[in-house]
Every structure is written in structure tokens, then in C-alpha cells.
Amino acid sequence: MNSTFKNYSGITWLLVGITLGSICGIVFGKQAEILKPIGDIFLNLLFVAVIPLVFFVISSAIANIEGGQKLNRILTIMSLVFLGTLVLAALLTITAVSLFPVHQEVAKTALPILEETNGKLTGDAITKLFTTGEFYLLLSRKNMLALIIIAILVGFGTLKSGQQGIAFRNFLNSANEVFKNVFIIIMKAGPVGLGAYFAYQVAVFGPELFGSYAHILGIGYGVSIFYYIVFFSFYAFIAGGIKGIRRYWQNNIVPSVTAVATCSSIATLPANLAAAKKMGINEVIAGITIPLGATLHKDGSSISSILKMTVVFAMFGKSFNSAEVILLALGITVLVSIVEGGIPNGGYIGELLFISAYGFPPEALPPAIIIGTLIDPVATLLNATGDTAAAMVINRFTQGKNQQDN
């Protein structure tokens, strides 16, 4: 019991802060707007710390790739399966928010529309999205995607430098660890910062805000549970037919309970590896795909990412239905699901990335963080247990149709 509370302590304190902030907003009304600067300070600290953190996480991860990890066939199929499941999860969520629109629920709490949120992907906009004209511009949160691209190039440059790049690789590793801890320290103030901001939101928009979040969370949990039952069964069926479905669910109980109890994909690794053996997954494939999946493959984060984008678009009175907006959303979702695994509180990186890509102001961050926090338990369930479902499919296409029956 104590262990479970410890694993959920971060979420618990955030919810306590949000609850107290809501009470302040209701009780003191417009007077609670005085707390807004506290929330702004917290957001500014996040925006500043996230730039070096993202750079060092990505570049150091690539710089540390070992030659023995390059098992071409397995990694190629694994990449396709991971990408396919992430996109399917995102498309399912897009379909759900189309069938049960959040715009009409959020309309009462809509924020002023700004020109920078027009979302048009012109040629110049695409150029600015992926690159900057000056190095120092990479340090702006508005150029997050360009920073990620440079981080990837630096990582591969370090890897290619071999022995001569060892000192720089050590620097990247050290800086990565330092900024992870900086981010953790800042997030200690999360309950206060988000509580203050929520007090301001409730003071401005009133109790209607709670109905909006309830509607959004209903969609999120509904989609997640549907994906967990139906799509994981579908993946197991692809891997081994009816027997595959039975084998998957017979051995997925312990990983599922572990994921919900620990709220961590990494903590679920031992249970997943043990379950993979009972599911008939090749030991080598399980040893490669499940640990990598814990970091790179997050179906729950994919659903959460689309949900948060939809909410922010609605709060700024913008539609989330054009082809260019959805294509960019899918790209960001895949990127976020891959990147956030190596970062403490990695979901916040995804929020900062899509806010940057679409040009939303800092006020878009708190609602996204709140949604991500509230949906985190079921997202973790999908993130963790989706790895064994994906591993079964990878095993099917690398080992052959009948291997899991042996």
C-alpha cells in the first residue's frame, strides 16, 4: 500500500494542488486572479529548463548506441510495429473526439483567439517549423522541433566520431543527468504552480470548467479502455489467432496490475519479460523489443497527446479537423511517444512541443498538463502492456507463423 502511494505521490500532490486552487477560485472569485503570477513563474521555469533537457536527452541517447544493438531485421519490423500501433491509437482518438466533440463543452471556457494560432502550414511555416536561421534561435521554445532535429544530428555526429568523440559523449551524458534533475526539482513546485493557475482559471471561467474536464476525461478513459480490450486482442490475433488472444490475456493480468500499481512502464518491465516467455515470444526478441518498448513505444501517450491537442484547440476556439492539422498532430504524437520515455515527467515535453509547433501561447500549457495528469494511470496501463502485444506481432513476423505454438 505504501509502495503504491509512493508511486502515485507525484500525481496525488498535483491533484491536491489543483483541488485547493479550485476551491480558492470558487471561494474568492475574481480576487483569486492575484495568484496568476505564481503559475506564470512555474510555467516560465518549465519553458526555460525544457530546452537543454530535450537536447541532451536525445543527443546522448543516440551517441550511446552500441553496434551490438543493430539487429537489422528485428529492429526494422519492431520500428514498423511500434509506428503502426502509435498511429492507430492516435487515429482512434481523433475519431472519438470527432464523434463526441469537445468544442461545445469547452466553448464556455474558450480563451481569446490569437493570430499566431492560425495553424496554416505554408512553405515558410514548414521551413520555420523544422529549422532556424541562427543557432541562438534554437534556444527558443517556439523552435522545439528544430532543436530536436539538431539534437539528433549532434547525437549521430558524436557516434560517428568514435574514440575522438568519447569526451563529448561523456559531456552529453553528464549534462543529460544534470538537466533531468533540474527538471525534477522544478516539478516539485508543480502542485503550487498548477494550483495557482487553476485558481485563476476557475476565477475567470467559473465552475463550468469542471464539466469541460469531465467530458474530456470521459472520452479519454473510454477510448483507452476500448483500445486496451479490442486492439490488444486484435494484435494478439494477428500474432497467433484465437490461441494468441487466449495466451495474451492469460498472461497479461500481472503486467496490467503492476502498471496500474506502479504507474511506470519501466517498473513493469520484469512482469512483461516474464509474461512474454509464457506468451511464447522468442527470448531474444523479447529481450530487445520489450526494454526498448518501455522507452520508445507508448500507445497510451499517443491517445493522451491527441486528447490534449484537441482540448487546447477547443480552448482557443480553433478547429481540429483540417488535414494539415491532423497530419502534424500525428507526427508530433509519434515523436512525443518516442522522446518522452527518457525524460522524467516526459509527458510535459510533449505538451510543450505541440504548443510550440502550433504557435499557442503559454496559457495553453496548464490545461494540457491537467488532462495529462488525470489520464496518466490508464495511459501507463496502455504504455506498459502494449509492449507485450507488440512483441507478439514482432515475433510473428520475424520467427514465423507457428513459432509461438512451440
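The values are calculated or read from the model by the stated rules, or taken from the named source; none is laboratory data. Just so it is clear, the model here is predicted, and its values are computed rather than measured. In this analysis, Cβ positions are derived from the backbone assuming ideal geometry, glycine residues included, and neighbour counts consider all displayed protein chains. In case anyone asks, the SASA skips ligands and DNA or RNA and just uses the protein heavy atoms, side chains included. Shrake-Rupley method; radii C 1.70, N 1.55, O 1.52, S 1.80 Å.
Within region 231-242, can you find the residues that are more than 27 Å from the chain's Cα centre (by Cα), open to solvent by less than 40 Å² (accessible area, probe 1.4 Å) and on the phi < 0 side of the Ramachandran plot?
Gly240, the sole residue that qualifies.
Could you list all residues from region 197-215 that are aliphatic (A, V, I, L, M), open to solvent by 10 Å² or more (accessible area, probe 1.4 Å), closer than 22 Å to Leu43 by Cα and modelled with pLDDT of 75 or more?
Ala203
Listed here are the residues, each with its yes/no results for (1) at pLDDT below 80; (2) open to solvent by less than 40 Å² (accessible area, probe 1.4 Å).
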position: Trp13; (1), (2): no, no
position: Gly21; (1), (2): no, yes
position: Leu35; (1), (2): no, no
position: Asp40; (1), (2): no, no
position: Phe47; (1), (2): yes, yes
position: Ile58; (1), (2): yes, yes
position: Ala61; (1), (2): yes, no
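For the list (1) surrounded by fewer than 21 Cβ atoms within 10 Å (Cβ to Cβ); (2) modelled with pLDDT of 75 or more, I need the number of the one condition that Thr333 fails.
(1)
Can you find a residue that is buried (at least 17 other Cβ atoms within 10 Å of the Cβ), among the hydrophobic types (A, V, I, L, M, F, W, C), at pLDDT 85 or above and in a helix (DSSP H, G or I) anywhere in region 243-265?
Looking for residues that are buried (at least 17 other Cβ atoms within 10 Å of the Cβ), among the hydrophobic types (A, V, I, L, M, F, W, C), at pLDDT 85 or above and in a helix (DSSP H, G or I), one finds at least one in region 243-265, hence yes.
Mind listing whichever residues of region 300-315 are over 9 Å from the mean Cα position of the chain (by Cα) and modelled with pLDDT of 80 or more?
Hits for region 300-315 are Ile306, Leu307, Lys308, Met309, Thr310, Val311, Val312, Phe313, Ala314.
Quick one: would you say Gly293 is under 26 Å from Gln250 (Cα atoms), part of a helix (DSSP H, G or I) and open to solvent by 10 Å² or more (accessible area, probe 1.4 Å)?
Taking the combined requirement at face value, the residue does not satisfy it.
Looking for something in a helix (DSSP H, G or I), open to solvent by less than 10 Å² (accessible area, probe 1.4 Å) and closer than 28 Å to Leu137 by Cβ - is there at least one such residue anywhere in region 374-381?
No, the conditions are met nowhere in region 374-381.
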